[in-house]
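Q: Got a structure for you, questions after.
Quick note: the coordinates plus some simple rules give every number you see, no bench work behind them. Worth saying up front: this structure is predicted, and the values here are computed from it rather than measured. All Cβ positions, glycine included, derive from the backbone under ideal geometry; neighbour counts span all protein chains shown.
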Amino acid sequence: MASVFKLGRDKKKRHAPWYLEYKDELGKKRMKKGFTDKGLTEKLAAKLEMEAHLRTMGLIDKDAEKRVEQEQTSIEENLADFEKSLSARKATEKHIKLTVSRIRKIVNGCEFQRLSDLKADDVESFLTDLREDETSGFGFRTYNHYLQAIDSFCNWLAEPRRRRLKENPIAGIPRLNADLDVRHPRRALSEAEFSQLVSSALTSDISIQCFSGQERARIYILSFMTGLRRKEIATLTPRSFQFDAEPPTLTVEAISSKHRRKDILPLHPDLCQMAREWVAGLPPNAVLFPKLAKRRTWLMVKKDLERVGIPYRTDEGIADFHASGRHTHITQLLRNGASLPEAMKLARHSDVRTTMKYTHIGINDQARALARLPCQDIVRISRGIDGQNASSTDNESHDTTPGSGDSTPAREGVSDSVRQKKSPPVKDGDSWRRRESNPRPVIPR
């Protein structure tokens, strides 16, 4: 039975609160602060005692009750735990910073305070308003990035081992088709343009972004001949190259790879020979291009292209570092006979549709592919048929009147004057005789 009492120091105080003591579902004594009114405190004690009894009987779901309690916790508190979780998963510092800042912007914009406030309609409406604001520069792709950030947070809250939410409250908000709103289209360089880019860097006597012309040329060549991203090239050391393997390979460690998996790529024979010279004399763990991950590589490419008269931006798009290296790498693979699955594997994409976005096949490429269709036999046969048609037309122009030597002879045994006689009509009285003489076959069932 629950008891109601005042603390010893408060017994003579009229407005001091009452306390109650009761046993929970585990039989453990619990003390809770009540009200200044004794009657209300007694009702609270009876309520808590009844709930403990119902839990003991299994009539109250403890997990659901705990979840309701968790849904009242603040979003900021849970967001701090989510940030720690991302760090524990070895996410990059940039990814953590962007994800948390995007979530916080949505939470503040929708005025969410507690987990129970999270609503799909409010999130979608807020992001739509941002996208429709012409001054915000908020495109379809950015919309999807923000939606992905808040979605990952809600999925984390609803994980079975965590269960801070019963389910993801914003699941089902559709992503936008980013192809309909491309803000920064990229273009691949042609073989001649890339050669000029490397030549421009090699003959340059100025330093751009702390890299000499020779260093820039090496970076461009690595990007083009391997398809590696800027941050992946920034982590390469002599230990990354396996020159004596068969075939020679290049290893990108999982911590440096974008998809957090260890990648082993084959090395082009020419790159293998050049890279041996580049790493000669360097310690095994020495980084080939220090601080490349934080440099503005697009500026390097832009200045080296402009130096040889190649525009950085055209109607097709911009030729930044990612475009001149990785986009050109994948495009040239397909132009020179690689299959789409092979290009996808070399690009380390998990979906062929992603590889297609890196493939810049223009009208000239299409014309060359079309010209390679095996049409010689078709053309020869077609010309032969046309010749036969021409000779038959000449034959038809000859005199074909009856009596001429070119007239077609009539078929033997057939006379136009001979006509087959029709059978006499069948009378009703004769129908049974025909059925008797031609019985219908019995079809087994």
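Q: Take the cross-link list Lys94/Lys262; Lys291/Lys357; Lys12/Lys32; Lys94/Lys258; Lys84/Lys291; Lys84/Lys166 and give me the ones stretching past 18 Å between alpha-carbons.
A: Lys94/Lys262; Lys291/Lys357; Lys12/Lys32; Lys84/Lys291; Lys84/Lys166
Q: How much space per residue, in cubic angstrom, does the convex hull of the C-alpha atoms of the range 75-180 take up?
A: On the way: hull volume 11.4 nm³, N = 106.
Convex hull volume per residue, Cα atoms: 108 Å³.
Q: Pull out a ≥ b ≥ c, the square roots of the eigenvalues of the alpha-carbon gyration tensor of the range 143-227, then state rounded if a/c is under 1.5, prolate if not and a/b is larger than b/c, and oblate in the remaining case. Walk me through the numbers on the way to the answer.
A: Details: a/c = 4.25, a/b = 2.63, b/c = 1.61.
Here the range 143-227 falls in the prolate category.
Q: Report the Rg/Rh value for the range 191-368, based on alpha-carbon coordinates and the Kirkwood definition of Rh. If you can, show how the numbers build up before the last one.
A: Values: Rg = 16.1 Å, Rh = 16.9 Å.
Checking Rg against Rh, the ratio lands at 0.95.
Q: Could you list Val182, Val4 in order of exposure, starting from the residue whose Cβ has the fewest other Cβ atoms within 10 Å?
A: Listing Val182, Val4 from fewest to most nearby Cβ atoms yields Val182, Val4.
Q: What's the ranking of 368-380, 26-38, 287-299 by average number of surrounding C-beta atoms within 10 Å, highest first?
A: 287-299, 26-38, 368-380
Q: Right, next: Taking neighbour Cβ counts within 10 Å as the exposure measure, how do Cys110, Cys154 sort from fewest upward?
A: Ranked by crowding around the Cβ, least crowded first: Cys110, Cys154.
Q: Take the Cα atoms of the range 253-314, build their convex hull, and give its volume per residue in Å³.
A: It comes to 172 Å³ per residue, whole-number rounded.
Q: Moving on. What's the center-to-center distance, using Cα atoms, between the range 1-45 and the range 88-139 in Å?
A: 45 Å
Q: Same structure, new question: Using only the alpha carbons of the range 3-60, what is the convex hull's orientation-averaged projected area in square nanometres?
A: 3.9 nm²
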